[in-house]
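K.L.:
Take a look at this one; I'll ask things after.
Nothing in this text is a laboratory measurement; each read-out follows from the coordinates by a stated rule. What you see is a predicted model, and the numbers here were worked out from it, not measured in a lab. In this analysis, Cβ positions are derived from the backbone assuming ideal geometry, glycine residues included, and neighbour counts consider all displayed protein chains.
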Amino acid sequence: MKKPIVSIVIPVYNKAAFVRETLESALGQTYPNLEIVLVDDGSTDGSFEILKEYFAKYPDKIQLIDQENQGVSVATNVGTAAARGEYIQFLDADDLLSPDKINRQIKLLESQSESVLASCEWRMFQDNPKKSYPIPYGVFRDFNFGLDLLLQFWNHQEMNQPGVYLTHRSLIEKAGPWDESMTINQDGEFFTRVLLHAEKVLFESKGNVYYRSPGEGNVSQQKSAKAIKSLLDSYQCYEREVLKFEDSKRVRIALKKVYQKFIYDVFPHYPDLIAKAESLIQNLGVAEKTYIGGPKFQLLSKLLGFKNALRLKRFLG
C-alpha cells in the first residue's frame with residue numbers, strides 16, 4: 001500500500017540565519033513520501049536566495065513560491081493550496097523537526113479516521129536543539145475530543161507549538177483557512193477551529209518539534225497596540241467558534257480564564273482593551289471566581305482580588 005504524501009508547508013520571511021537548518025530538518029525526515037512547499041513572503045535578507053539554492057538541488061521534492069510581502073497567514077494559505085499532500089505539516093522557518101517526527105505520526109494515524117489529529121511534544125531551544133529543554137505542560141497526552149485539548153490550554157494557560165500537529169487535509173478544509181486579518185496568534189485561532197472539528201487527538205511520545213526561543217524580531221513578540229488588539233480579537237474568535245460547538249458552563253469558565261490571561265499579560269497598558277476584556281468576561285455570565293497564574297499570584301488574587309494582585313505584581317517588578 002502506497003504511503004500518503006505529506007506536505008511540509010513553510011512560510012518564510014527574513015529567516016536567512018535559520019532557514020537552512022529548518023530545511024535540513026525537513027529534508028532529513030525518515031518518512032519517504034513527502035514534499036516541501038516553501039512560500040517566500042517578500043524576504044529582503046537573502047532568504048529567497050537560500051530557498052532557490054535548495055529548490056535547484058531538490059526540484060522533485062520542493063515547491064518554491066515567491067510572493068510580495070502579505071503576512072504569514074496569506075503565505076500559509078498559499079502554501080496549503082499548492083500542497084499535494086493528503087496530510088499537512090506546518091513548520092515555522094526557524095523551527096526544527098526530529099527526524100522521525102512525521103514517520104511516527106503517520107504510523108499512529110494509519111488506522112484512524114481523517115478527523116483524528118496527531119500531536120507530539122515540543123521543546124524550547126536557542127542555538128542547539130541538543131540543548132533543548134522540555135515544557136512542563138499537561139497537553140502532552142491523548143485527548144478523546146479536540147475540545148478537551150482546547151480546555152486544557154485555556155484552563156491552565158498552556159499552548160502547543162503549531163508544528164506538533166500532523167493534520168489530514170480534509171480536517172483543514174472543514175476548519176477553513178488561516179485568518180489573514182490577524183497579526184498575532186494566527187496559529188492559535190486556526191488550530192482552535194481545527195481542534196473543534198477533530199474527533200480526537202493522539203499523542204506520539206517520541207517525535208519532537210524544536211521551537212526556537214523567540215527573539216526580538218519574532219512576530220509573537222509584537223507589543224504594538226495593533227498586535228495587542230489582534231490578540232484580543234483572536235480570543236473573541238475562540239469564543240465565537242467554541243460556543244457554536246458547545247455552550248456550557250465548563251466552556252464559559254475556560255473562556256473567562258482566556259480573557260483574564262489577556263488582562264494579566266497587558267496590565268496596566270492598553271486600558272481600553274483591558275476594559276473590553278472585562279466586558280467580555282461579564283458577558284460570559286460566569287459567577288464563579290476563577291484564578292490564573294502561578295500559585296503565589298493565585299494566592300494574592302484570593303486575598304486582594306485580581307486587579308489589586310496585578311498592581312502589586314507590577315509594583316514589585
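K.L.:
Given axes a ≥ b ≥ c from the Cα gyration tensor, I'd like to know whether the range 1-138 is rounded (a/c under 1.5), prolate (a/b larger than b/c) or oblate.
P.N.:
oblate
K.L.:
Between K249 and E180, what is the spin-label point distance in nm, taking each point 7 Å from the Cα along the Cα→C-beta axis?
P.N.:
Computed distance between label sites K249 and E180 equals 4.4 nm.
K.L.:
Round to the nearest 0.05 the FRET efficiency obtained for R311 and E199 when R0 = 45 Å and r is the Cβ-Cβ distance.
P.N.:
Details: r = 45 Å, r/R0 = 0.99.
That pair, R311 with E199, gives E of 0.50.
K.L.:
Here's another thing I want to ask about it. Magnitude of the Cβ-charge dipole of the chain, K/R +1 and D/E -1, about the Cα centre, nearest 20 debye?
P.N.:
Here the size comes out at about 1400 debye.
K.L.:
What number, in percent, do you get for the relative contact order of the chain if the mean sequence gap of Cα pairs under 8 Å and at least 6 apart is divided by its residue count?
P.N.:
Here the relative contact order equals 17 percent.
K.L.:
At a Förster distance of 45 Å, what's the computed FRET efficiency of D45 paired with Y133, Cβ-Cβ distance as r, to 0.05?
P.N.:
Rounded to the nearest 0.05, the efficiency is 0.95.
K.L.:
I've got another one for you. Choose one of G71, I292, Y87: the residue whose Cα lies farthest towards the positive end of the charge dipole of the chain (beta-carbon charges +1 Lys, Arg; -1 Asp, Glu; about the Cα centre).
P.N.:
I292
K.L.:
Need one number: % antiparallel among DSSP beta bridges in the chain, to the nearest 5.
P.N.:
Close to 25 percent.
K.L.:
I've got another one for you. For K2 and E86 in the same chain, what is the full-extension length gain: residue separation times 0.36 nm, less their Cα-Cα distance, in nm?
P.N.:
29.0 nm
K.L.:
If each of Y291 and Q112 carries a label point 7 Å out from its Cα toward its Cβ, how far apart are those two points in nm?
P.N.:
3.5 nm
K.L.:
About its Cα centre, what dipole magnitude does the range 1-87 give when the only charges are +1 on Lys and Arg Cβ and -1 on Asp and Glu Cβ, stated in debye to the nearest 20? Working shown, then result.
P.N.:
Working: 8 positive and 12 negative charges, 83 e Å.
So the dipole magnitude of the range 1-87 works out to roughly 400 debye.
K.L.:
Further, regarding this structure: Under 10 Å, Cα contacts only: if you run a Gaussian network model on the chain, which one of Y31, Y211, Y58 comes out with the highest mean-square fluctuation?
P.N.:
Comparing Y31, Y211, Y58 in a Gaussian network model of the chain, the most mobile one is Y58.
K.L.:
Only counting other Cβ atoms within 10 Å, I'd like F55, F190 sorted with the fewest neighbours first.
P.N.:
F55, F190
K.L.:
What list of ³J(HN,Hα) values in whole Hz, one per residue of the range 286-292 in order, does the Karplus curve 6.51 cos²θ - 1.76 cosθ + 1.60 (θ = phi - 60°) give from phi, with Gly and Pro shown as x?
P.N.:
After applying 6.51 cos²θ - 1.76 cosθ + 1.60, I find 9, 7, 5, 5, 10, 10, 10 Hz.
K.L.:
Helix 225-245: angle to the longest alpha-carbon principal axis of the chain, degrees 0 to 90, nearest 10?
P.N.:
Helix 225-245 sits at roughly 90 degrees to that axis.
K.L.:
With runs of 4+ DSSP H residues as the only contributors, calculate the mean residue ellipticity of the chain at 222 nm using -39,500 (n - 2.57) per run, divided by the residue total and rounded to the nearest 500.
P.N.:
-14000 deg cm²/dmol
K.L.:
Less than 24 Å apart at the alpha-carbon level, and either on another chain or at least 8 residues along: which lysines does that give for K276?
P.N.:
Qualifying lysines at Cα under 24 Å: K223, K226, K229, K244, K249, K256, K257, K261, K289, K302, K307, K313.
K.L.:
When DSSP beta bridges are limited to those with both residues in the range 8-133, what percentage is antiparallel, rounded to the nearest 5?
P.N.:
Beta bridges within the range 8-133, antiparallel portion: roughly 5 percent.
K.L.:
Would you mind ranking K276, K107 by Cβ crowding within 10 Å, fewest neighbours first? Write down the numbers at each step before the final one.
P.N.:
Working: K276 16, K107 13.
The most exposed by this proxy come first: K107, K276.
K.L.:
On C-alpha positions alone, give me the angle between the axis of helix 72-82 and the longest principal axis of the chain, in degrees, nearest 10.
P.N.:
The two axes meet at around 40 degrees.
K.L.:
May I ask which residue of L150, V251, F191 lies farthest towards the positive end of the charge dipole of the chain, with charges of +1 (Lys, Arg) and -1 (Asp, Glu) on Cβ and the Cα centre as origin?
P.N.:
V251
K.L.:
Further question: So for T76, T44, fewest C-beta neighbours within 10 Å to most, what's the order?
P.N.:
Fewest-to-most Cβ neighbours within 10 Å comes out as T44, T76.
K.L.:
Choose one of N308, S279, F262: the residue whose Cα lies farthest towards the positive end of the charge dipole of the range 223-316 (beta-carbon charges +1 Lys, Arg; -1 Asp, Glu; about the Cα centre).
P.N.:
Looking along the dipole axis, the top candidate is N308.
K.L.:
Out of (i) 1.24; (ii) 1.36; (iii) 1.02, which label holds the value of Cα Rg over 2.2 N^0.38 Å that was computed here?
P.N.:
Among (i) 1.24; (ii) 1.36; (iii) 1.02, the one calculated here is (iii).
K.L.:
Taking Cα atoms, how many degrees apart are the long axis of helix 47-57 and the longest axis of the chain, rounded to 10 and kept between 0 and 90?
P.N.:
The answer is roughly 40 degrees.
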